[in-house]
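Each remark here refers to the structure printed beneath this line.
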Amino acid sequence: MALRTIRVQGDPVLNKTCREVMEMTPRVEILIEDMLETMYEANGVGLAAPQVGILRRVVVIDTGEGEGPLVMINPKLLESSGEQTGDEGCLSVPGKAGVVTRPNHVVASYLDEEMKPCEIEATELLARAICHEIEHLDGHLYTEKVEGDLHDVVYEEEE
Ligand code: ZN
């Protein structure tokens with residue numbers, strides 16, 4: 001496994017549409033492992049492949065609620081309902097956050113690491129993360145949806 005460099009806003013790779021993954025290959029397996037390592041190292045809730053410069057439809061999410069990482073290949077939103085408004089951030093927009101309104105409930109389909117079709121129903125933070133990450137795959141950042149201005153996030157200093 002290896003840490004990958006997280007691309008930041010302004011890098012054109014973040015505004016491109018990603019291609020679907022048609023089969024699991026050693027390259028994709030390594031990509032997923034590296035994305036997980038990179039997300040945890042950066043204390044992120046989610047990471048999409050274009051954020052490490054790879055234009056494939058792969059996202060990893062871990063909301064830290066104890067269920068472990070969710071790896072989604074070719075994710076699609078099937079349903080969304082309700083509304084939640086809250087602060088959102090992105091590893092590609094370091095040190096900033098802004099208020100975004102998202103659906104409070106979503107159903108999404110995806111393939112797991114064995115390329116098995118799966119469905120997930122999610123609410124609150126996980127629903128927000130799924131929407132945020134899927135948008136990365138189509139070249140969109142949350143900053144396009146922010147209500148008001150971005151604000152600075154103050155991180156606690158690590159010992
Ligand atoms: Zn993001």
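Before moving on, here are some points about what is shown:
- The condition (being in contact with an Asp or Glu (Cβ under 7 Å, 6 or more places away or on another chain) and small (Gly, Ala, Ser)) is satisfied by just one residue among GLY95, GLY139: GLY95.
- Criterion (exposed (fewer than 15 other Cβ atoms within 10 Å of the Cβ), at pLDDT below 95 and among the charged types (D, E, K, R)) met by exactly one of GLU144, GLU156: GLU156
- Filtered by the rule that a residue be touching a strand residue (DSSP E or B) at 6+ places or on another chain (Cβ under 7 Å) and in contact (Cβ under 8 Å) with a residue 40 or more places away in the chain, region 44-57 gives VAL45, GLY46, LEU47, ALA48, ALA49, LEU55, ARG57.
- Here GLU65 does not qualify as farther than 24 Å from PRO94 by Cβ, surrounded by fewer than 20 Cβ atoms within 10 Å (Cβ to Cβ) and more than 12 Å from the chain's Cα centre (by Cα).
The values are calculated or read from the model by the stated rules, or taken from the named source; none is laboratory data. Keep in mind that what you see is a predicted model, and the values were worked out from it rather than measured. All Cβ positions, glycine included, derive from the backbone under ideal geometry; neighbour counts span all protein chains shown.
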